[in-house]
Each structure stands twice: as structure tokens, then as C-alpha cells.
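Colleague: So that we are looking at the same thing, I have put the structure below in C-alpha cells.
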Amino acid sequence: MSDTDRFAKLENLFEQVRDLETNARKAFLDHECINDADLRHEVEKLLAHHDRGGMLDDPIDITNAQEEYLPESVGRYQVLECLGRGGMGVVYRAEQDQPQRQVALKMMHAGLRSKDLQRRFEFESSVLARLQHPGIAQIFEVATWDDGNGARPFFAMELVEGVALDQFVKEKHSIEAKLRLFIAICEAVHHAHQKGVIHRDLKPANIMITHDGVPKILDFGVARTTDADLQATMYTLPGQLVGTLTYMSPEQINSDSSQLDTRSDVYALGVILYELLAGQLPYDLADKSLAQVARIINEREPRSLASHDRKLRGDLTTIVSKALEKEPERRYASVFGLISDLRRFLAHEPIAARPASAVYQMTKFAQRNKTIVGGMAAMIVILLSATIVLSWQSARINTEARTRQDVANFLREMLTSLDPAKTAGEPLTVRDMLDDASLRLENSFETVPSVRADLQGTVGSTYHLLGEYEQAEYHYRQAVNVLTQEHGIKDEKTLKILADFGLTLKELDRLEEAESILRDALSHIEDPVSPIAIKVRRFLAIVMVGMGRTEEADALFRYNYNSLLHSHGDKSVEVASEAINLGSVLMDSKRHDEALPLLEESLATLRRELGDDDPVTISAINNVSAVYHNLGREEDSNELLREAVERSTRVLGPVHLHTLRRRHNMVRGAMRRGDYEASIAETANTVAICEQELGPTHSETLTWVEMLVTGLAFGRSMEEAEQVALSWYERLESEHGPTSRSAGRMAYLVMNLYDSWGKEELEAEWLRRAKTSVYIPPDFIMQEELPQ
Amino acid sequence: MTEEPENMMRSNEPDMLADVYGDLRQIAAEYLRRERPDHTLQPTALVHEAYLKLADSGQWKSAAHFRAVASRAMRQILVDHARMRGRLKRGGQHERVMLTTGVALGMDRDLDVLALDEALSALAGYDERKAQVVELRFFGGLSARESAKTLGIAQKTAESDWYFARAWLHERLSQR
């Protein structure tokens, strides 16, 4: 047997037994290698390596591909050991003869390439040598040294023994201790500024804390002196530059480094103060590319300091925010301003900095968001802002500063969270934004629970719109509790949220609960024809439809319909909307003759009174289309459905639940007609939209994946459908685990596919897999909708 | 950028390789020569940086194409570096230089780049595609999915190739 044959044989065996259990492997090899003990031995060796894994699994890390190199001496200094290596150079501990002392020697990597640079280096060196302050590591000498690879600058500096600030940050200290230390750091920086020296590379690694607790800043002016050419550095040292970029101001990243002034150091100090207090950086820059980092620093608002620790709310948050402003003019004009405010804070005096106003934040937001993510995002902002304003007015909140600030802060944080720049290229889903806002809500408005309850009501209804009923339930429940406590159950606001709450429970298929809540609400309403009574009754009727109790639904809708007819007249929008509901229920009871004229007439009224693009009209169009479908008038039905989808997409946005359901109906219709190619294209497109806007695990996204797979299976080939289904399964399985709801749902999908394909073994295997997940597949329910 | 379902390395243009090689080497050299920075630098980052520089030149069929060439370049750079180190140290005599891989050394010893290079060439003699998968994943920092895409093969195939190649290389290196 040739080498090549043997290799092929080896591979073949390995492939076959690789994923088997030990005993199964043995049995297989016993059989296959009966006459070739050598081959068997080779396979077993490979299997042993395979089971161990290890080497090669991580990509090679070239940073380790170097050796330590220690020169004997640099100039008149004896090199003792290497203290550290960094982006721009290496630092040695060295000994000097005259005067006899140990010094830190910093050798720069980059040589002095031009005469200009050389001159500037000499000039700046003399300035640096004059810089004397207990908070600054003294520079003894600045010179060049040629080790045979060209002259490179080096600095002989005071050797500081202690820990770097980045270590100190990790330890536990009181806020006051941190502030005092920070003020000492600022004083040293301020001293240097007064001598005309800007640091330009302030970061915790450059700040040592001596054993006596005194801060000493290293490398003052080093960046400028050697013109470490930020742009060049950016392109040559990707990984580590990010570490330094973290502390760089936007103007430092963007502009010519010669334009920098002391306010860039103010910014770096702001980042350091933030990190000291929060224990984290203002931006999450982990695993970001350089371009992303630059964009984040330029565009994104830092995470509010107060969000890390409630104790940091108020003045400290204001001070840090002012130091971290993007535009230098909005920062403290000098480090002294920063020091003064911190001292005032410690002395419990009013600080000079003012939080940016909500109006300013709104303006900035609008400027930055010419490319806002989509209609939903804007809608959430508008909804929540409007709720805040309304609730603020109606609750007649006194003008207590704390509350005003709470409102302003909440609004600001919400706005910045919607900033697409915040995600630095990652798709930002509407869901993410909402989650973010609702999380913040938990910690806001403690003093004004009714404002919070209103907001939670709004958040709840937004979740409802997105089809996130569990989240909606949570927020509604909280809102209901507070409102009942604050205003009583008979209050209209309480009743309104109760009604919405009931409808959410219905969507969660908790019909009995929904019924009992809505009936309870109805019993507390005195006027049976008031708008709130109509609303609660309507929702109750919808629940009845869900329970299959059509007669009761009919009675409830009819009661509403007659009441509205009486109060508003037969050409009114109110009557027409309710007629759409009533008509749909009549259809369910097969009373077509009664239903059809009612529906057609109501749709005409809505088109006339509200216009074709009103959400209520669009709902009616959809429902009338369903009626035509039931009557077998497919063409009429399709025409209306297409119209509903088109209007819905335009008016409500492509990810609105109503749009998606209408689209769903349309695609199902197309599939029924056998128009698979168009359906596949439409479905694939919708999957992509849902994935981006709602995320890959959202049930709506998965619904569309299911549609896509179905379309592919019947319209193209089982293989193609299998590929899509498996790739979704694998992706969700690897990201969320095999027991997750989303992976489970995809496992059922794969199983169903194999079922249709007639592959029984695979079907059984996937059923087993699907059952390990927490997902329980529902019986298929045709998703109809009723205007609400 | 759409990725084309064909084997990118089959169209192995030497000029492009040379371009990427030069550029990557320049970037990598900064690291190799001097410092040990705070952050580890995996090839993904380097390849990404090089891509930013070279992507505009318009000669690339796709990102996948670029990654394939860059992975090959990365392998050559590291091998050349190891050879040069060896020569410098021992006056031309061949000296093995150890590179450690990022994490989790299953074999509890450093990786010998030159030995790996030899083993990889031997593997290519039997099955070129398997060697390419290793090249893309280990030297190029690509994921299983990306390497499959780059080579225009199914992910399952790329994974099988990887498992076998990895075991085979381990075995060959452990015989040294």
C-alpha cells in the first residue's frame, strides 16, 4: 500500500470513529483493522491526540514570538533589569555613578528621524528637566543612545517604587480617599500645565502611587518630546494602542497633535476619575477594532457614572461628565477648575459645573442621529418622552430640583442609549433599546412613583407592540400595583393600564387570568358607556374570541357598537372601528350575510374619516381581507392584504408586529397558491429585517425562519431547507446552548423537516434533541388580529 | 463584500502574496523585534489592519480571498522570522525558536514554528486542503465557519479536515 493510500485509509477510519464512544470505537476498529495492527495503532494515536485537543486550537499569538534582550549599559547607566515594556519603549532599572543612585531608564523605540525632530527633542528636553514637583517623577537626563540600530532617545528618570494607579483602581478605597488622591494627581498635572508642559498620555499605568500613598506621574511630556506620532502609532501597533486610546480625547484622536492643549489632559483626567470611581471605563472598548474605538470616543456618550453606583449620582456625575465632554470648550477650561469643583464637593459646597440640559441633549441627539435605526426607535423616544412630560404635568410634581434632575437624567440616558453610534457597528435592536430603557427605569423616579408607573405602562405597551409579552406583563404588573396604591382602582389611569395588562395576558394565552382581570376592572367602572368601559369591554370580547366563546364576544361587541351608535352616530370612526370587530366575530359564527355589509361599510367610513394610512384603517383593511379569504374571494383578499402590508410597512415600520403579521398572512397566501419563489424572497428579506431589529432569538424572527425553511422545502429542495434550518440551529445552539428556547424551537423545525422528508431516523434523533430544550411548541394558531 | 464560493487559494497569485507579505511583515516586525505589549496580538488583528491598508487596491476578489492570502503570508513571516533568529544566534547554524501559542498548551511545551511548517508542508503533500484549513485557522486566525467559506467547502467538511489535520500534526510533531 502506498503512502498516499495509507493516508487516505487512516483519514477514513479516523473520520468514522472520531465521534464514537470509546467502546464503539474499539468495536469498530476490532472489525476494520483485523489484519493491520499498525494501522490500528496509528488511528489510536490520532484519536488520543484528538481527545486531548490543545495545541493549534488557538491561533498563533505572535506577541510571544520574541526574546528578552537586555543591554549592558545605556550611556553612563548600568542596566540592571527590565521593569516593563510598553507601546513606545522599554523601561530598565539602571544604576548611575555620579551621583550614585538608581534610576528608571526609558528607551524609546522610535528613532529621531529628522533634523526638525532632533531640534525639538533637545528643546523640550531642557523644559522637562526643569519640571519639579513632588507629584511628578523627576527627569534627570534626556539624551540619545545608539545601540547599533540608530540613535534612539532615552530618559533617565526618578525611580518610583510603588504600585501603578491601575492596580490601585482594583483595590477598595472610600470615595473620599479616591478623590483626595485624584486631587493630588490633578495638582501635579496643573503644575506642569503652568510650566507649559502637557502630558498627552495620562493613564493609570503612567501614574505610580508610592508606598507612602503619594502619586507620582511618569513620562511627563515624553509623548510630545519624541513626537510619538500618534497617527503612525495608530497604524503600527493595533492591539496595544487601544489601551492608550481609551484615555485620549476626541480631538487627540482626530486632529494634528500639535493642536492639543491642556484640555486634552483634562479629558484624560476625567477618564481616570471615572475609572477610579466606577471601577470601569466609561466606554466598553473590549474586542473593538481601532476604527470602532475611534468612533466610539468621537460619537458615543459615556455610560453615566451614576449607573454604576447610586452614591455617585448628582454632583460627582456632573463633574465627571463635564471633564468628559467631547468638545474641549465644554470641558473645564483648566485642571484647576476640576480641582476646585472636587474640593467644593468634598466641602459640601455647590459645584460650578451644571448638568447639560435636556434640551441640549435632545439637540445633540438629533444632530448625531440623522441615521436613526428606524421608525420604532423614534417611536419609543417619542412615547417615553411624551409620557414623562404628560405625567409630570398631571401629577403636578413640585419643582423640586431632585425630581427635575431625575427626569432630565432619565431622558438623557434614554436618548443616548438610542444613539446608533453607541453600538459601534453592531446591529442595535429595538429590543435592546427598550431593555436598556426599562432597566434604567428600575432605578429612576424613586421619589415620584406615579411617574415611574406611567413610564412602566408605556414601556409595557411598547413591549406588547413588539410581541414581547412576558416583558410587557412584568411592567404592566408593576405599574398596576403602584397606580392602584397611589390612585385607587377606580382611577381611569389605573383602569387603562389594567385593560392593557389583560390584553397582554391574553397574548400569553393566560385567558382565564385575562378574563378575571378585565371583568374585575369592568365591575369598578360606574358609567357603562364611558370610553374606558368601552375599551375594557372590547378587550374582554377579544379574550372571549380567544376562548372560543363567540356568543359572549358577540354580545360584548354589540353592546359597545350600540352604545357608540347612540352617542356618536353611524358615520363615526368609533362605530366603524367597533363594527370591524363585530363583523369579524360574525364571520366566525358563519353569519357572512350580516358581516360583509357591516365590514365593507365600516372600512369605507374609516377610509373617509381617518384616511387610508391610519393604523386603524390598515387594521380594518387586513380584517376585511381575512373575510374575503374565508368567503373564497382570494383575489379580493390578496389585493387588500397587499395594500395592508404596503401601508403598514410604510406607516408602522417593517418590524412592527402588525406589519409582520400582515406580511405573514400574505406570504402564507402566496405559498398556498404555490408561488414559492416570491415567498422565499419575501421571507428571506423579512428574516434579515427581524434579525437586525429584533435579534436572532426573538420569536418573530424564528417564526420567519420557520416560514423560510417551509418555503425552501416545498419550493426548492429539501437539501436547501435543511441547510438553512441546520445553520440556524447551530448558530443558536452555540450561542445560547442546546436547551435554550430558541435552539429548541429550531430543533423542532429540523425535526419537522425530516418528518416531511421521510427521514425517520433523523426525525427521531432531532425530536430527542428538541425535547432537551425548554421550548414547547404550540399548536399552530392562525394569527388574526382585531383593532384595539 | 460578497464571498465567492470557490477555493481562494487555488488562484494563488504570487504578486498579491508578496504585497500582503511585505505589509504584514512590517506590522508584525514592530512586535517581533522589540516589545511585549500589554495586549496579546492575534493574527486576526494584524490581518485586519493589513486589510484596511490594502483593501482599497481593488485587486481582491473578496475579503475571503484576502484572508486566504494573508494567512499564507503570516505563516511565511513567522517561519522567516524563526529562521533569521536562528541564524543570528548561532552564526548561521540552524537554531529552533520557540513560539508559544496563545493559551492552553495541551502538549505542555512550546510550539516549534519551523517544525510545524515542515509538518504542514508534509501534510499538504497528502492533502493540500487540510493544510490550508490549518493555515487559515492557525496562522490566519479564522474561525471554522470563515475558513470553510474561504475555501468554498461545507463547514462540516472544514471541521472534519481540521480534526484530522490537527491530530495528524500533533502526532508528527510529537515524534520529533
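The values are calculated or read from the model by the stated rules, or taken from the named source; none is laboratory data. This is a predicted model, so every value here is computed, not measured. Cβ atoms come from the backbone with ideal geometry, glycine included; neighbour counts cover every protein chain shown. In case anyone asks, the SASA skips ligands and DNA or RNA and just uses the protein heavy atoms, side chains included. Shrake-Rupley method; radii C 1.70, N 1.55, O 1.52, S 1.80 Å.
Colleague: Which ones in the stretch A:340-354 are farther than 16 Å from A:Y274 by Cβ and open to solvent by less than 20 Å² (accessible area, probe 1.4 Å)?
Modeller: The answer is A:I351, and nothing else.
Colleague: Among the residues of the stretch B:82-98, is any modelled with pLDDT of 80 or more, charged (D, E, K, R) and assigned to a helix (DSSP H, G or I)?
Modeller: No, the conditions are met nowhere in the stretch B:82-98.
Colleague: Against the conditions (1) within 34 Å of the chain's Cα centre (by Cα); (2) of a type in the set (G, A, S); (3) not in a helix (DSSP H, G or I), where does A:G632 fall short? Just the number, please.
Modeller: For A:G632, the exception is condition (1).
Colleague: Just to be sure I understand, how many residues within the stretch B:131-149 are hydroxyl-bearing (S, T, Y) and more than 22 Å from A:S727 (Cβ to Cβ)?
Modeller: Final tally of qualifying residues: 0.
Colleague: Find all pairs meeting these conditions: Cβ atoms under 6 angstrom apart; at least six residues apart or on different chains; first residue within the stretch A:687-716 and open to solvent by less than 20 Å² (accessible area, probe 1.4 Å); second residue among the acidic types (D, E) and assigned to a helix (DSSP H, G or I).
Modeller: A:C690/A:E700; A:L694/A:E700; A:T701/A:E691; A:L712/A:E720
Colleague: As an exercise: evaluate A:T246 against (1) within 14 Å of another protein chain (Cβ to nearest Cβ); (2) at pLDDT below 75; (3) open to solvent by less than 20 Å² (accessible area, probe 1.4 Å) and give the number of the one condition it does not meet.
Modeller: If we test A:T246 against (1) within 14 Å of another protein chain (Cβ to nearest Cβ); (2) at pLDDT below 75; (3) open to solvent by less than 20 Å² (accessible area, probe 1.4 Å), just (2) comes out false.
Colleague: Next question. Condition test on B:L120, is it at pLDDT 75 or above, surrounded by 15 or more Cβ atoms within 10 Å (Cβ to Cβ) and under 20 Å from B:R172 (Cβ atoms)?
Modeller: Yes; evaluated as a whole, the condition is true for this residue.
Colleague: Would you check if A:G488 is among the small types (G, A, S) and closer than 26 Å to A:E700 by Cβ?
Modeller: no
A quick yes/no check of all residues on (1) under 14 Å from A:D219 (Cβ atoms); (2) at pLDDT 80 or above; (3) away from every other protein chain (no Cβ under 14 Å):
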residue: A:Q78; (1), (2), (3): no, yes, yes
residue: A:C82; (1), (2), (3): no, no, no
residue: A:A110; (1), (2), (3): no, no, no
residue: A:S114; (1), (2), (3): no, no, yes
residue: A:R119; (1), (2), (3): no, no, yes
residue: A:Q132; (1), (2), (3): no, yes, yes
residue: A:W145; (1), (2), (3): no, yes, yes
residue: A:A151; (1), (2), (3): no, no, yes
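Colleague: List, please: which pairs have Cβ atoms under 6 Å, are six or more places apart or on different chains, and start with a residue in the stretch A:168-183 that is over 11 Å from A:L342 (Cα atoms) and in the same structural domain as A:G270 (by TED's automatic domain parsing) and end with one that is open to solvent by 80 Å² or more (accessible area, probe 1.4 Å) and at pLDDT 95 or above?
Modeller: Close Cβ pairs satisfying both conditions: none exist.
Colleague: When you scan the stretch A:368-375, do you find a residue that is farther than 30 Å from A:H191 by Cβ and either at pLDDT 50 or above or in a helix (DSSP H, G or I) (or both), even just one?
Modeller: Yes.
Colleague: So which residues in the stretch A:586-597 are in a helix (DSSP H, G or I) and modelled with pLDDT under 85, if there are any at all?
Modeller: Of everything in the stretch A:586-597, those that are in a helix (DSSP H, G or I) and modelled with pLDDT under 85 turn out to be A:M587, A:D588, A:H592, A:D593.
Colleague: In the stretch A:223-233, which residue that is of a type outside the set (D, E, K, R) and open to solvent by 30 Å² or more (accessible area, probe 1.4 Å) is modelled with the highest pLDDT?
Modeller: So the residue we want is A:L230.
Colleague: In the stretch B:110-122, which residue that is part of a helix (DSSP H, G or I) and facing another protein chain (nearest Cβ under 9 Å) is farthest from B:W162 (Cα to Cα)?
Modeller: Checking each candidate, the answer is B:V113.
Colleague: Look through the stretch A:193-222, keep the residues that are part of a helix (DSSP H, G or I) and surrounded by 23 or more Cβ atoms within 10 Å (Cβ to Cβ), and return whichever of them is farthest from the chain's Cα centre (by Cα).
Modeller: It comes out as A:V222.
Colleague: Right, here's the next one. Given the conditions (1) in contact with a Leu (Cβ under 7 Å, 6 or more places away or on another chain); (2) buried (at least 23 other Cβ atoms within 10 Å of the Cβ); (3) of a type in the set (S, T, Y), report the number of the one that A:Y628 does not fulfil.
Modeller: Of everything listed in (1) in contact with a Leu (Cβ under 7 Å, 6 or more places away or on another chain); (2) buried (at least 23 other Cβ atoms within 10 Å of the Cβ); (3) of a type in the set (S, T, Y), A:Y628 misses just condition (2).
Colleague: Oh, and also: Out of all the residues in the stretch A:513-531, which are assigned to a helix (DSSP H, G or I) and at pLDDT 90 or above?
Modeller: Answer for the stretch A:513-531, where residues must be assigned to a helix (DSSP H, G or I) and at pLDDT 90 or above: A:E513, A:A514, A:E515, A:S516, A:I517, A:L518, A:R519, A:D520, A:A521, A:L522, A:S523.
Colleague: Next question, about the same structure. Within the stretch A:694-714, identify whether any single residue is closer than 21 Å to A:T462 by Cβ and touching a Leu at 6+ places or on another chain (Cβ under 6 Å), and answer yes or no.
Modeller: yes
Colleague: In the stretch A:668-691, what residues are assigned to a helix (DSSP H, G or I) and of a type in the set (D, E)?
Modeller: Matches in the stretch A:668-691: A:E677, A:E682, A:E691.
Colleague: If I ask for residues that are open to solvent by 40 Å² or more (accessible area, probe 1.4 Å) and outside any helix (DSSP H, G or I), which ones from the stretch B:125-144 would you list?
Modeller: Within the stretch B:125-144, just B:S143 meets the criteria.
Colleague: Would you tally the residues in the stretch A:645-686 being free of Cβ contacts under 8 Å to residues at least 40 places away in the same chain and under 20 Å from A:L712 (Cα atoms)?
Modeller: Qualifying residue count, the stretch A:645-686: 18.
Colleague: Could I ask something else about it? Those residues that are assigned to a helix (DSSP H, G or I), touching a helix residue (DSSP H, G or I) at 6+ places or on another chain (Cβ under 7 Å) and over 19 Å from B:L173 (Cα atoms), I need them from the stretch A:17-54; list them, please.
Modeller: Those that are assigned to a helix (DSSP H, G or I), touching a helix residue (DSSP H, G or I) at 6+ places or on another chain (Cβ under 7 Å) and over 19 Å from B:L173 (Cα atoms): A:V17, A:R25, A:F28, A:L29, A:E32, A:R40.
Colleague: Given the structure, is B:S147 within 8 Å of chain A (Cβ to nearest Cβ), part of a helix (DSSP H, G or I) and either more than 15 Å from A:L56 (Cβ to Cβ) or among the polar types (S, T, N, Q) (or both)?
Modeller: No: the conditions fail for B:S147.
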